[in-house]
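Asker: Below is the structure I would like to discuss, written out as structure tokens.
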Amino acid sequence: MEKGDTLLHQRFNTSSIGAIKLDIEGFEMYALQGLKQTLMHHQPIIFFETHTAEGETGAQAIFDYLTQLNYAYFYTIEPRKCNGLIRFFIRLLKGYEIIITPLIRPENRFYSLIIATTTPLE
């Protein structure tokens, strides 16, 4: 296993990294720790999922870690909640709608996608 910073530096052009997407089933914290220099230098937008807010690798620990690295804005992306008939017509007319919501403190639940940024999304 290689540290993410080392892997990126040795094998890829790392002059500009704008986004990182993690889907590694509970190992997000370890990956982010291995990417510390990359996160500090490039400040990419980070996309990740989490199953819980609790524990050493839960969403709250990830928020705390990223906050130390200048990440101050967190958002969740979730499907629009509405009744079945309205949802049917929205999908029929406009496709699948989602809501991007600022996330101050994660609840202890599954999040299918969290976005972390150093600047607010507009």
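Asker: Hey, can you find the accessible area per residue of the range 1-72 for me, probe 1.4 Å, expressed in square angstrom?
Answerer: On the way: 4310 Å² over 72 residues.
Value for the range 1-72: 60 Å² per residue.
Asker: While we're looking at this one, here's another question. Cβ under 12 Å from Asp5's Cβ, Asp5 left aside: what net charge do those residues give with Lys, Arg +1 and Asp, Glu -1? Could the numbers behind the result be given before it?
Answerer: Working: positive: Lys3, Arg11, Lys36; negative: Glu2.
Once all neighbours under 12 Å are counted, the net charge is +2.
Asker: Same structure again: Quick check: residue separation of Asp23 and Ser112 times 0.36 nm, minus the Cα distance between them. What number comes out in nm?
Answerer: Contour length minus the Cα-Cα distance gives 31.1 nm.
Asker: For the range 16-70, what % of the accessible area comes from carbon and sulfur atoms, probe 1.4 Å? Write out the running numbers ahead of the final one.
Answerer: Values: 1470 of 2820 Å².
About 52 percent, which is the carbon plus sulfur part of the accessible surface.
Asker: I need the semi-axes of the equivalent ellipsoid of the range 1-53: take the C-alpha gyration tensor, multiply each eigenvalue by 5, square-root it, list largest first in whole angstrom. Present the calculation step by step, with values, prior to reporting the outcome.
Answerer: Values: eigenvalues 78, 32, 16 Å².
The three semi-axes for the range 1-53 are 20, 13, 9 Å.
Asker: Residues with beta-carbon under 10 Å from that of Ala59, excluding Ala59: net charge, scoring Lys, Arg +1 and Asp, Glu -1?
Answerer: On the way: positive: Arg105, Arg109; negative: Glu28, Glu49, Glu54, Asp64, Glu107.
The answer is -3.
The values are calculated or read from the model by the stated rules, or taken from the named source; none is laboratory data. Just so it is clear, the model here is predicted, and its values are computed rather than measured. Please note: Cβ atoms are built from the backbone with ideal geometry, for glycine as well, and neighbour counts cover all protein chains shown. Remember, those area values only see protein heavy atoms, side chains included, never the ligands or the DNA or RNA. Shrake-Rupley method; radii C 1.70, N 1.55, O 1.52, S 1.80 Å.
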